[in-house]
Structures are given as structure tokens and as C-alpha cells.
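Visitor: What follows is a structure written as C-alpha cells; I'll ask about it next.
The values are calculated or read from the model by the stated rules, or taken from the named source; none is laboratory data. Worth saying up front: this structure is predicted, and the values here are computed from it rather than measured. Cβ sites come from the backbone with ideal geometry, for glycine too, and all protein chains shown count toward neighbours. Calculation scope for accessible area: heavy atoms of the full protein, side chains included, ligands and nucleic acids excluded. Shrake-Rupley method; radii C 1.70, N 1.55, O 1.52, S 1.80 Å.
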Amino acid sequence: MKVLVTGGLGYIGSHTVVELQLAGYDVVIIDNLSNSSTKVLDGITKITGTTPDFQELDLRHQDRVREFFKHHQNIDGIVHFAASKAVGESVEKPLFYYENNVNTLVYVLQELQKLKQQNFIFSSSCTVYGEADMLPVNEDSAVKPAQSPYGNTKQIGEEILKDTCKINPDLKTVALRYFNPIGAHASSNIGELPLGVPQNLVPYITQTAIGLREQLSVFGEDYPTEDGTCIRDYIHVVDVAKAHVVALERLIKKEQGSNFEVFNIGTGKGSSVLEVITSFERVSGQKLNYKIVDRRKGDVVAAFADTSKANSILRWKAEYTLDDAMSDAWKWEQRLRTK
Ligand code: NAD
Ligand code: UD1
């Protein structure tokens with residue numbers, strides 16, 4: 001069985017390619033290298049012993065997308081990661097985000113609908129829930145007005161799938177709403193490659209510990225939480241990757257109820273920023289240099305998943321702990337800097 005993974009050299013994509021290969025799928029990757037490098041192919045090959053087919057292609061070029069599919073009619077499923085994901089940047093460059101995250105999705109779906117097998121998995125985000133009314137948040141919770149063009153592209157993406165599924169019963173889609181993916185492959189052959197100064201907590205922690213950053217700023221300690229810092233559902237990236245394999249299998253085996261389904265992909269456990277720091281200190285044996293600063297604009301107080309739908313329907317459950325993920329993130333950071 002052949003699976004196309006768009007954005008397959010990126011952070012979540014590369015870990016998913018590994019899990020797909022280990023599950024026996026032939027993988028073809030499309031990536032334009034805008035936020036990744038071909039070195040990731042070596043990392044994947046080291047883990048699985050197989051180098052996936054790689055096509056350097058920018059999905060914004062509709063004619064090239066069309067051309068690609070002309071020569072790849074035998075695809076059994078698509079896992080679509082390719083997108084830009086920096087929230088702050090999306091506020092500065094909204095049109096770029098709509099082009100890169102929405103147009104590309106439309107182009108891929110247009111070609112997918114010409115294929116015999118129309119199985120599609122979309123990378124959505126817990127950001128669609130905003131500040132949820134109830135925690136843990138389940139898939140029936142309201143989608144809140146997006147706080148950024150990036151967040152909006154995820155909501156629009158889900159709407160596009162829903163509308164297209166209504167008129168095309170052959171199209172089978174799943175949107176996975178990831179909570180906060182962190183960590184790296186336990187082999188340290190692949191992991192996150194943040195460009196410039198990281199905006200996300202975990203790469204900022206590991207870069208501070210390795211000496212690339214002076215100090216971590218903890219954004220706010222006056223939130224209505226136990227220790228005053230924000231709460232998130234941090235999930236090991238390998239657990240996230242495995243969710244794609246089981247979701248794809250459900251589509252291929254035609255086990256889906258509705259042809260548009262949504263699942264939360266989290267651990268179900270919320271951790272505060274200070275708990276993440278403590279976990280890092282525990283697994284690394286290092287004290288982290290951090291200070292408390294003002295709140296960051298746009299942060300929700302708390303978000304963690306009700307994962308019962310994915311647990312029962314996909315028969316998937318996160319297996320790794322926060323400590324596992326922090327340990328793998330730290331090993332990866334050390335490996336990256338000694339290469
Ligand atoms: P990433 O930036 O590491 O990976 C995205 C990959 O897509 C990169 O390799 C990039 O080069 C490629 N790409 C971007 N635009 C492209 C284009 N026009 N044509 C071809 N390739 C293109 O990001 P990630 O963290 O692996 O995220 C993957 C997906 O998951 C994204 O859709 C993102 O929005 C979503 N998501 C990520 C998180 C997270 O915390 N990382 C959370 C929720 C949702
Ligand atoms: C952010 C995005 C989300 C996106 C996700 C992955 C926002 C509002 N949300 O999630 O849409 O899907 O990244 O790219 O931007 N923190 C610090 N110091 C730091 C960095 C973060 O204290 O230097 C805190 C934040 O305040 C937050 C927590 O750590 O409470 C997690 O932050 P982050 O890793 O950026 O993820 P989110 O904000 O949850």
C-alpha cells in the first residue's frame with residue numbers, strides 16, 4: 001500500500017513516515033524544504049532501513065501538484081501535514097498563510113478526488129477550541145473564533161473537508177486535532193528542527209539548557225491554575241505519529257462511520273509550565289535557568305484533551321509520559337549540537 005505524506009520531512013511528518021514504514025506502507029514524501037532538510041531522509045533511513053521516495057515540490061504550484069498525481073495514480077492514502085505553523089508570523093503574513101495552508105489543501109483534495117482510493121488525514125489543532133468552556137475538552141466542544149490567521153486556516157481546513165465530504169461519499173477523511181506535540185524519536189535520529197528563536201516551550205527549554213539561549217521566560221504565573229502557570233496537554237510526537245497509522249488503517253479498511261471524522265490527539269493529562277520545567281530537570285539532572293515574566297498575548301489558560309473518542313474508536317492511546325518526552329527532547333538537542 002502506498003501513502004503520500006505531504007510535509008513528510010517536517011517534525012510530525014518525519015515521525016509519521018517512520019511509523020508508516022514500520023507498519024509496512026510504501027511512503028512517498030512531498031516537501032518543499034521550507035521548514036526542513038533532506039538530512040531528515042537519512043534519519044528516517046537509519047531507523048527503518050528504508051529510504052522513502054522523496055519529491056521536492058511546492059504544493060502552492062497547482063500545475064506541479066496536478067503533474068505529480070498524473071504519475072502517482074496508485075496512492076492508497078494521503079497524510080497532509082504540509083503547512084506553515086508559526087502563530088505570530090501568521091498575524092504578520094496572513095495572505096501567505098491562507099495561500100500555504102488553504103490553497104494547498106484545495107489543490108491536493110482536487111487531485112485526490114480523481115483517484116480510486118480517496119483516503120485523507122488532515123493535521124488540525126487543539127487551537128480550534130480556543131479557551132474551552134469545559135475541560136477536558138471533547139470533540140463536541142464548540143469551535144471558537146480563531147485568534148490568528150494560522151488558527152483560522154485549521155478551522156477553514158476542517159470546513160473544506162466537511163463540505164467536500166457531504167457531496168462526495170467516496171472521499172474518506174479524518175481530522176486529527178493535535179494538542180502539544182513534543183519530544184523526538186528515542187533513537188535521536190529525527191526530532192524537531194526549530195528555525196531561529198523557538199516560540200514553543202520545549203525547544204526553548206532544551207536550547208536554554210544546552211547554552212544557546214540565556215534564560216527561559218515563563219509567561220505569567222498569575223493564571224487561575226494550581227501553580228499560576230498555563231496548562232497544556234503535552235504529547236510525545238511518536239504517539240502523535242502512531243495515531244495517523246491507526247486512523248489511516250480505519251479509512252483503508254472502510255471502518256468509518258461518517259466520511260468526515262474528528263479526533264483529539266492528546267494524553268488527557270494537563271501539565272503546567274512549571275511541571276514541564278520540573279520534568280526536564282528530573283530527566284536531565286540539570287537546573288534550568290528561568291524567570292517569570294508577564295503573560296504572553298493570546299495564550300489560553302488551560303487546554304487538555306478528552307481522548308475517549310480516539311481511545312475507543314481508533315483503539316489508540318498515548319503511551320509515553322511527559323518525562324519520556326522531555327528525556328527524548330533533551331537527547332535530541334544534545335545530538336543536534338554535537339553533529
Ligand atoms: P513542520 O514545519 O515541522 O512541518 C511541515 C512541513 O511541511 C515542513 O517540512 C515544510 O517544509 C513543509 N511545507 C510547508 N509548506 C509546504 C508547501 N507549500 N509545499 C510542500 N511542503 C511544504 O511542522 P509540524 O510541526 O510537523 O506540523 C505539521 C502539521 O501539523 C502542520 O499542518 C501544523 O499546522 C500541524 N500542527 C502542528 C502542531 C505542532 O505543535 N507542531 C500542533 C497542531 C497542528
Ligand atoms: C502554540 C500555538 C498553537 C500551535 C502550537 C504548536 C498559540 C496561542 N498557540 O501553542 O496554535 O498549534 O503552538 O505550534 O500561539 N511558554 C513559556 N515560555 C516560552 C514559550 C512558551 O512560558 O518561551 C508557555 C506558554 O505561555 C504556554 C506553554 O508554554 O503556556 C506552551 O506554549 P507553546 O509551546 O508555545 O504552545 P501553545 O501556546 O500551547
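Visitor: What FRET efficiency, computed as 1/(1 + (r/R0)^6) with R0 = 56 Å and r the Cβ-Cβ distance, is obtained for Ser187 and Lys166, rounded to the nearest 0.05?
Guide: Rounded to the nearest 0.05, the efficiency is 0.85.
Visitor: Rounded to the nearest 500, what is the 222 nm mean residue ellipticity of the chain from helices alone, with -39500 (n - 2.57) per DSSP H run of 4+ residues and division by all residues?
Guide: -11000 deg cm²/dmol, from helical runs alone.
Visitor: Gaussian network model of the chain, Cα springs within a sub-10 Å range: biggest mean-square fluctuation belongs to which of Arg296, Arg213, Arg250?
Guide: Arg296
Visitor: Between Met134 and Glu159, what FRET efficiency comes out of the Förster formula 1/(1 + (r/R0)^6) with R0 = 25 Å and r the beta carbon distance, rounded to 0.05?
Guide: Step by step, r from the Cβ atoms, then E = 0.60.
Visitor: Moving on to the next point. Just how many % of Cα pairs in the chain lie over 33 Å apart, if you round to the nearest whole percent?
Guide: Within the chain, distances greater than 33 Å cover 23 percent of Cα pairs.
Visitor: With all protein chains present and a 1.4 Å probe, how do Phe96, Phe81 order by accessible area, largest first?
Guide: Phe96, Phe81
Visitor: At 1.4 Å probe size, what's the solvent-accessible area of Leu135? Round to the nearest 10 Å².
Guide: Accessible area of Leu135: about 70 Å².
Visitor: Tell me the angle of helix 39-48 to the major Cα principal axis of the chain, expressed in degrees between 0 and 90 and rounded to the nearest ten.
Guide: That helix lies at roughly 80 degrees to the long axis.
Visitor: Can I ask one more? Counting other Cβ atoms within 10 Å, keep those with at most 13, restrict to DSSP loop, and tell me which GluC sites (Glu not before Pro) in the stretch 191-293 are left.
Guide: Glu214, Glu226, Glu255
Visitor: Assuming R0 = 25 Å, what is the FRET efficiency of His71 and Gln110, from their Cβ-Cβ distance, to the nearest 0.05?
Guide: Here the calculated transfer efficiency is 0.95.
Visitor: Separate question: For the chain, find the longest principal axis of its Cα atoms and tell me its angle to the long axis of helix 273-284, 0 to 90°, nearest 10.
Guide: Once rounded, one gets 90 degrees.
Visitor: Want the number for Ala142 to Thr51: 0.36 nm per residue separation, take away the alpha-carbon distance, what's left?
Guide: Stretched out fully, the Ala142 to Thr51 stretch lengthens by 28.6 nm.
Visitor: When only the heavy atoms of the protein chains count and the probe is 1.4 Å, how do Val87, Val65, Val300, Val283 rank by accessible area, highest first?
Guide: Per-residue accessible area, sorted high to low, gives Val87, Val283, Val300, Val65.
Visitor: Now, a different point. Please calculate the 1.4 Å probe accessible area of His61, with all protein chains present, and give it to the nearest 10 Å².
Guide: 90
Visitor: Let me ask something else about it. For the chain, modelled as a GNM with alpha-carbon contacts under 10 angstrom, which of Ser36, Ser258, Ser14 fluctuates the most?
Guide: Ranking Ser36, Ser258, Ser14 by mean-square fluctuation puts Ser258 first.
Visitor: Here is a follow-up. How much of the DSSP beta bridge set in the chain is antiparallel, as a percent to the nearest 5?
Guide: Here the antiparallel bridges make up roughly 5 percent for the chain.
Visitor: Quick one: angle between helix 11-22 and the longest Cα principal axis of the chain, in degrees between 0 and 90, rounded to 10, please.
Guide: In the chain, helix 11-22 runs at an angle near 60 degrees to the longest axis.
Visitor: Any idea how far the Cα center of the stretch 249-273 sits from the one of the stretch 212-229, in Å?
Guide: 30
Visitor: Let me ask something else about it. Under a 1.4 Å probe, what is the accessible area of the stretch 1-132 per residue, stated in Å²?
Guide: 42
Visitor: Quick one: order Met326, Met1, Met134 from most to least accessible surface, probe 1.4 Å.
Guide: Descending order: Met134, Met1, Met326.
Visitor: Continuing with the same structure: Which of rounded, prolate, oblate describes the stretch 123-202, given a ≥ b ≥ c as roots of the alpha-carbon gyration tensor eigenvalues and a/c under 1.5 marking rounded, otherwise prolate only if a/b is larger than b/c?
Guide: prolate
Visitor: Report, in whole Å, the centroid distance computed from the Cα atoms of the stretch 320-339 and the stretch 282-303.
Guide: Their Cα centres are 18 Å away from one another.
Visitor: GNM on the chain, C-alpha springs below 10 Å: top fluctuator among Asp227, Asp58, Asp140?
Guide: Largest GNM mean-square fluctuation: Asp140.
Visitor: Would you give the gap between the C-alpha center of the stretch 117-177 and the C-alpha center of the stretch 45-109, rounded to a whole Å?
Guide: Using only Cα atoms to place each centre, the spacing works out to 18 Å.
Visitor: Express the carbon and sulfur contribution to the solvent-accessible surface of the stretch 149-301 as a percent, rounded to the nearest whole number, probe 1.4 angstrom.
Guide: Here it works out to 49 percent.
Visitor: While we're looking at this one, here's another question. Which lysines, if any, have their Cα less than 20 Å from the Cα of Lys172, not counting same-chain residues under 8 positions apart?
Guide: Candidates past the 8-residue exclusion: Lys2, Lys114, Lys116, Lys154, Lys162, Lys242, Lys253, Lys254, Lys309.
Visitor: Rounded if a/c is under 1.5, else prolate if a/b beats b/c, else oblate: with a ≥ b ≥ c from the C-alpha gyration tensor eigenvalues square-rooted, which is the stretch 35-131?
Guide: Oblate, since a/c reaches 1.5 and b/c is not below a/b.
Visitor: Something else: Compute the projected area of the convex hull of the Cα atoms of the stretch 94-147, averaged over all viewing directions, and report it in nm² to one decimal place.
Guide: That works out to 5.0 nm².
Visitor: By its C-alpha gyration tensor, with a ≥ b ≥ c as the square roots of the eigenvalues, how is the stretch 61-187 shaped: rounded for a/c under 1.5, else prolate for a/b larger than b/c, else oblate?
Guide: Taking the square roots of the gyration eigenvalues as a ≥ b ≥ c, the stretch 61-187 is prolate.
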